[in-house]
Ligand SMILES: Nc1ncnc2c1ncn2[C@@H]1O[C@H](COP(=O)(O)OP(=O)(O)O)[C@@H](O)[C@H]1O
Ligand SMILES: [Mg+2]
């Protein structure tokens, strides 16, 4: 609790210049208000910290090499995440290949070429904003319906999962790419066009390369969301017993969050430990991805 | 002779360009690539259309068997029973409970955190807290679900407080979901409050208002549409969240009358029903999509409201 | 008390407001235009609009080949707007529209079959703020030739030559692979000139190229312009009258006038002549006022 009191003290000191007229910074209401704000932050971070700590405590005993080398098994002490990890890599890899080119292309069109005065282009923008907030499970239903339409019998295939997750991540990629493109000064585009470069050459050789750090950051954040996502894959039947390494786009698979969910729903406590251990691993991977994204943003972002 | 002398300059005949300005090489490649970019952008509309069609077609099948009225207002949800019944109210009440509890947690905590970050935190602290908040927003929802099930429900509710509740409850799921949404609400409303011009704060301070009064009476109202947008988006996320409720809220579809009961939400039903391998074209399969359609329409409504308020806010500042 | 002040300032304002009738003014001025021998760009009755707002009105102006022409006038009188309409950079601005005719070597650059990209290739532009690309010095120069598909037998030689012509070679020859952002402002602006030369344009437009530079860097650019005049036509917008007097063969003076009906200020050409004439014996009172610093 020490940080609470020091924070309060520092604030009151810094506020003294505001004068002590009616209801000054020291008034009981003001202090209570600030305490309430601190409490909000404290509770939110406290719960999240508890989440991380309890997960660590529960899962620590199973955080060993078997977790990554073993296949799922009916006996918890022999079970591991190996196919789920490989499945996640396959699905996220395919998602990236599917969604990044598409998202960047759409963003380039909207930001560089589309005439914003046309209602159609404004409708596309509105639509992208809306797609970003559509519940993930709906993307699962979309992919399910699409695969059914194609007459695909076995829906638990890597490319099906990638389709659902790719559509889920697409708006994130579009929005962050547009933001990155917007960060490139107009002067760069003008300079290029004034030399006789075509608009497309200008995008391809100037604007896009200059936005790569921003695009990469957005893409990594989007893919890390996809990596942690389970609901759409659940709808596509990814909750299956996979005792083989996935080996292609049409291969069956399961992913880390799905396997964790599976273990969560088992009655035995040992499986819950396993689920916690898997969660720790997943959290570490996500933390690394987020860290990478922040690093890229800070290190390579062009300062104009 | 220099290679850099202009093309037209030396060979210039008055009134006659040495090289015409009219393009002799039509840029087909350029046109084609720009066409592709356009197609990519249009594809986003196709996706929305696809969602609608994918949900509508099986839903229409579904509503051939079950009347819309029975679906929306029926209070018994038992799609797999012999005497099947398709009243969606049990799922809706469970969703309302979990979302309501989540918002009761997320709105005060999120707004409090946002006010603190925007109005009180020193730049240094803010620089640390914002990315931390963003990273926390990226915790997978299965992990939240596991936490709700094992720690909040089992250890705290049943162990510590000895509450009269089973293995699942909408309260545990709702509380944890609320914490999950805090970063969303905090981040968007912090953006809105930070965008309020400093001059408005100075104007208020010049009238002798302290920081709390300035925050509550000046900044908050000025940022209100942005804050509403954040909250509405929070509602949309709560309604659409799947894994936490699938893990911790329970699997029985009953009208929920109290926070310690278990209940199956709309998303929980879809996730669960998808596990049972339902045949394409069967009523069970169509049911998934009917519930999905309802879910999509509800969140769509909230999303548009949210986008509206963000627009209004952007127009002011 | 406050009411009084406001009323007073209002009257002064309206007293000073010049009343101008565009058509008459226009006719009188065109008659006085000197002919330019060997013109490379000719403007006839050019009006430039931003949506409904007319920024430039009825400009008739010819630019002599291998001359330096300066455009001067108070800020906001449409100099940049007019300059951008000479190589179709206005195409890139939403709502911008050019009326009248602009010909380059006798060919209307706004003709619907004319390729704006080809126009910009032949009529290059240097901007107010140096805008090097976030690339190496070498790649900044090589960019233009590469994108327009210029057949250079040896790109290294081309880069060296462009940098030499822009009087930058000695300073950068040892750091060609370094980022252009490491150069000083003046060096960056000369790099931008070198970059423009590398695509072999006929005309170089410069929009206040020295406004962000110190006097030493400015004078180097002025020397450079003088040397480039051997091979290139240069049209420069400047707010610095000494600069116009020093480098330009001809000078055009513009001013902004408020329309009586709408109150919108629009730019128009007041006087165009040999620089010496403009600065020593201007025909128009407004030019004289501006030159002598009484206005603008
Ligand atoms: N992109 C634009 N959109 C709308 N109006 C513009 C734009 N650029 C310039 N203007 C307006 O056109 C007029 C002339 O501007 P400009 O050509 O920049 O003048 P100068 O270069 O002589 O200072 C000004 O009133 C200015 O506000
Ligand atoms: Mg200007």
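Grab the helices (runs of 4 or more DSSP H) fully contained in segment A:34-135, keeping just those with 3 or more residues being in contact (Cβ under 8 Å) with a residue 60 or more places away in the chain and more than 7 Å from every other protein chain (Cβ to nearest Cβ). Quick ask: steps written out before the conclusion?
Details: elements: A:65-69, A:82-108, A:119-131.
Those helices (runs of 4 or more DSSP H) span A:82-108.
Here is a list: B:223, B:205. Which entry is over 16 Å from residue A:29 (Cβ atoms) and modelled with pLDDT of 90 or more? Reasoning before the result, please.
Details: B:205 fails: modelled with pLDDT of 90 or more.
From the options B:223, B:205, the qualifying one is B:223.
In segment B:124-131, is there at least one residue being in contact (Cβ under 8 Å) with a residue 24 or more places away in the chain and in the same structural domain as residue B:296 (by TED's automatic domain parsing)?
yes
Quick one: which helices (runs of 4 or more DSSP H) sit completely within segment B:1-116 and have at least 3 residues that are out of contact with any helix residue (DSSP H, G or I) (no Cβ under 9 Å at 6 or more places or on another chain), surrounded by fewer than 17 Cβ atoms within 10 Å (Cβ to Cβ) and at pLDDT 80 or above?
On the way: elements: B:28-65, B:68-73, B:89-115.
Qualifying helices (runs of 4 or more DSSP H): B:28-65, B:68-73.
Scan segment A:240-265 for residues that are outside any helix (DSSP H, G or I), in contact (Cβ under 8 Å) with a residue 12 or more places away in the chain and surrounded by 15 or more Cβ atoms within 10 Å (Cβ to Cβ) and jot them down. If you could, list the steps in order and put the result at the bottom.
Here is the first cut: in segment A:240-265, the ones outside any helix (DSSP H, G or I) are A:240-255, A:265.
With in contact (Cβ under 8 Å) with a residue 12 or more places away in the chain added as a condition, the list becomes A:240-246, A:248-255.
A:240, A:242, A:246, A:249, A:251, A:252, A:253, A:254, A:255 - these are the residues of segment A:240-265 that are outside any helix (DSSP H, G or I), in contact (Cβ under 8 Å) with a residue 12 or more places away in the chain and surrounded by 15 or more Cβ atoms within 10 Å (Cβ to Cβ).
Determine which single condition residue C:78 fails, assuming it passes every other condition in (1) surrounded by 23 or more Cβ atoms within 10 Å (Cβ to Cβ); (2) away from ligand 2 (no atom under 16 Å from the Cβ).
Here residue C:78 clears every test but (2).
Could you check segment C:239-260 and list, in sequence order, the residues that are in contact (Cβ under 8 Å) with a residue 12 or more places away in the chain and over 17 Å from residue C:56 (Cα atoms)? Working first, answer last.
Keep residues of segment C:239-260 that are in contact (Cβ under 8 Å) with a residue 12 or more places away in the chain, which gives C:239-241, C:243-260.
Of everything in segment C:239-260, those that are in contact (Cβ under 8 Å) with a residue 12 or more places away in the chain and over 17 Å from residue C:56 (Cα atoms) turn out to be C:239, C:240, C:241, C:243, C:244, C:245, C:246, C:247, C:248, C:249, C:250, C:251.
If the requirement is being part of a helix (DSSP H, G or I), assigned by TED's automatic domain parsing to the domain that holds residue A:72 and within 16 Å of residue A:94 (Cα to Cα), which of these qualifies: A:144, A:163? Working first, answer last.
On the way: A:144 fails: within 16 Å of residue A:94 (Cα to Cα).
Within the list A:144, A:163, the selection yields A:163.
Output the number of the condition that residue C:89 fails; it satisfies all remaining conditions of (1) buried (at least 22 other Cβ atoms within 10 Å of the Cβ); (2) away from ligand 2 (no atom under 16 Å from the Cβ); (3) under 21 Å from residue C:228 (Cβ atoms).
In the conditions (1) buried (at least 22 other Cβ atoms within 10 Å of the Cβ); (2) away from ligand 2 (no atom under 16 Å from the Cβ); (3) under 21 Å from residue C:228 (Cβ atoms), residue C:89 misses (2) alone.
Can you find a residue in segment C:128-147 that is surrounded by 19 or more Cβ atoms within 10 Å (Cβ to Cβ) and within 16 Å of ligand 2 (Cβ to nearest atom)?
yes
Is it the case that some residue within segment C:74-94 is within 11 Å of ligand 1 (Cβ to nearest atom), closer than 26 Å to residue C:275 by Cα, facing chain A (nearest Cβ under 10 Å) and at pLDDT 95 or above? It would help to see each step written out before you state the result.
Here is the first cut: in segment C:74-94, the residues within 11 Å of ligand 1 (Cβ to nearest atom) are C:74-85, C:89-90, C:92-94.
Pick out the ones that are also closer than 26 Å to residue C:275 by Cα and you get C:74-85.
Then keep just the ones that are facing chain A (nearest Cβ under 10 Å); that gives C:84.
Subset that is at pLDDT 95 or above: C:84.
The answer is yes; a qualifying residue exists.
Can you confirm whether residue A:225 is assigned to a helix (DSSP H, G or I), within 14 Å of chain C (Cβ to nearest Cβ) and either free of Cβ contacts under 8 Å to residues at least 12 places away in the same chain or within 25 Å of residue A:299 (Cβ to Cβ) (or both)? Step through it out loud before you land on a result.
Working: assigned to a helix (DSSP H, G or I): yes; within 14 Å of chain C (Cβ to nearest Cβ): no; either free of Cβ contacts under 8 Å to residues at least 12 places away in the same chain or within 25 Å of residue A:299 (Cβ to Cβ) (or both): yes.
It is false that residue A:225 is assigned to a helix (DSSP H, G or I), within 14 Å of chain C (Cβ to nearest Cβ) and either free of Cβ contacts under 8 Å to residues at least 12 places away in the same chain or within 25 Å of residue A:299 (Cβ to Cβ) (or both).
Quick one: what pairs do we get from segment C:79-102, first residue more than 18 Å from residue A:196 (Cα to Cα), second assigned to a loop (DSSP other than H, G, I, E, B) and near ligand 1 (Cβ under 9 Å from one of its atoms), C-beta under 7 Å, 6+ apart or different chains?
From residues that are more than 18 Å from residue A:196 (Cα to Cα), the pairs are C:79/C:73; C:95/C:51.
Need pairs with beta-carbon distance below 9 Å; first residue within 7 Å of chain A (Cβ to nearest Cβ) and touching a residue at least 60 places away in the same chain (Cβ under 8 Å) and within segment B:196-215, second buried (at least 18 other Cβ atoms within 10 Å of the Cβ) and part of a loop (DSSP other than H, G, I, E, B); sequence gap 6+ or separate chains.
B:211/A:25
Answer yes or no: is there a residue in segment C:195-206 that is away from ligand 2 (no atom under 16 Å from the Cβ) and away from chain B (no Cβ under 14 Å). Let's see the steps before the verdict.
Filtering segment C:195-206 down to residues away from ligand 2 (no atom under 16 Å from the Cβ) leaves C:195-204.
Right, trim to away from chain B (no Cβ under 14 Å) and you get none.
Within segment C:195-206 (the criterion being away from ligand 2 (no atom under 16 Å from the Cβ) and away from chain B (no Cβ under 14 Å)), the answer is no, since none of the residues qualifies.
Among the residues of segment B:192-202, which ones are surrounded by fewer than 18 Cβ atoms within 10 Å (Cβ to Cβ) and in contact with a helix residue (DSSP H, G or I) (Cβ under 8 Å, 6 or more places away or on another chain)?
Pass one, segment B:192-202, residues surrounded by fewer than 18 Cβ atoms within 10 Å (Cβ to Cβ): B:194-195, B:197-200, B:202.
Matches in segment B:192-202: B:194, B:195, B:200.
Pick from segment B:109-123 the residues that are without any contact (Cβ under 8 Å) to a residue 40 or more places away in the chain and facing chain A (nearest Cβ under 7 Å): which of them is farthest from residue A:43 (Cα to Cα)? Let's see the steps before the verdict.
Step one: of segment B:109-123, the residues without any contact (Cβ under 8 Å) to a residue 40 or more places away in the chain are B:112, B:116, B:121-123.
The next check asks that each one be facing chain A (nearest Cβ under 7 Å); those that pass are B:112, B:116.
Working: B:112: 10, B:116: 13 Å.
Among those residues, the one meeting the criterion is B:116.
Run residue C:56 past the list (1) within 14 Å of another protein chain (Cβ to nearest Cβ); (2) modelled with pLDDT under 95 and report the number of the one that doesn't hold.
Only one criterion is unmet by residue C:56, namely (1).
Can you find, within segment C:153-168, the residue that is farthest from the other protein chains (Cβ to nearest Cβ) among those that are buried (at least 17 other Cβ atoms within 10 Å of the Cβ) and at negative phi?
So in segment C:153-168, the residues buried (at least 17 other Cβ atoms within 10 Å of the Cβ) come out as C:158-159, C:161-163, C:165-168.
Then keep just the ones that are at negative phi; that gives C:158-159, C:161-163, C:165-166, C:168.
Working: C:158: 7, C:159: 11, C:161: 6, C:162: 6, C:163: 11, C:165: 6, C:166: 10, C:168: 14 Å.
Selected residue: C:168.
The values are calculated or read from the model by the stated rules, or taken from the named source; none is laboratory data. All values derive from a computational prediction rather than experimental measurement. A quick note on method: Cβ atoms are made from the backbone with ideal geometry, for glycine too, and the neighbour counts reach across all protein chains shown.
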